[in-house]
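The values are calculated or read from the model by the stated rules, or taken from the named source; none is laboratory data. This one's a predicted model, so the numbers in the text were calculated from it and none came from an experiment. Ideal geometry is used to build each Cβ from the backbone, glycine not excepted, and the neighbour counts take in all protein chains shown.
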């Protein structure tokens, strides 16, 4: 569900303060209401991906985050018109972190789809992440047990789809192989 009124980050924050039980995202000035809860497979996938990323990044400069954590994609602070809360994100440029949010495109974003938000993740967020220059965008589908890995090259995403067998190399983190058998072991 989306709103007709246009917002910037400061309005998005004020809306969240008034309605603490509701989660939102802001894309091109439009507020999108997020699902209040995630399914068990969504939670299990998120936990396993987060574990594998966190273990690999221990002691390294890149950091992994999960919601609630705002990402102002266009790095315009309180005037930013696009603020998202990805399921998982990796930031390697510490200057993008201000203690409360990420200002600018993270190096990697992972979204775990839910049936009611497929279009949102596959089209609306896809285009927002492409426009902002997110280097690597993963779309995880719990129903099909697949992950679409989108790598930014020459202003376009090159996609590769992987199943539940084997591993997936993380382009922005050389040496990290995500074990998909563990990710989809629910």
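Values as computed for the structure displayed
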{"item": "Test result for residue 137, modelled with pLDDT of 95 or more, surrounded by 17 or more Cβ atoms within 10 Å (Cβ to Cβ) and either in a strand (DSSP E or B) or in contact with a helix residue (DSSP H, G or I) (Cβ under 7 Å, 6 or more places away or on another chain) (or both)", "result": "yes"}
{"item": "Evaluation of residue 166 against (1) under 16 Å from the mean Cα position of the chain (by Cα); (2) within 19 Å of residue 48 (Cβ to Cβ) (one fails), failing number", "result": "(1)"}
{"item": "Which numbered condition residue 80 fails, given (1) surrounded by 16 or more Cβ atoms within 10 Å (Cβ to Cβ); (2) closer than 29 Å to residue 183 by Cβ", "result": "(2)"}
{"item": "Residue within region 108-121 that is in contact with a strand residue (DSSP E or B) (Cβ under 9 Å, 6 or more places away or on another chain) and in a loop (DSSP other than H, G, I, E, B) present", "result": "yes"}
{"item": "Criterion: in contact (Cβ under 8 Å) with a residue 40 or more places away in the chain and surrounded by 20 or more Cβ atoms within 10 Å (Cβ to Cβ) - qualifying residue of 90, 147, 172, 71", "result": "90"}
{"item": "Entirely in region 1-86, the strands (runs of 3 or more DSSP E) that have 2 or more residues that are at pLDDT 85 or above", "result": "24-27, 30-33, 63-65, 70-72"}
{"item": "All positions within region 140-168 that are under 28 Å from residue 76 (Cβ atoms) and not in a strand (DSSP E or B)", "result": "154, 155"}
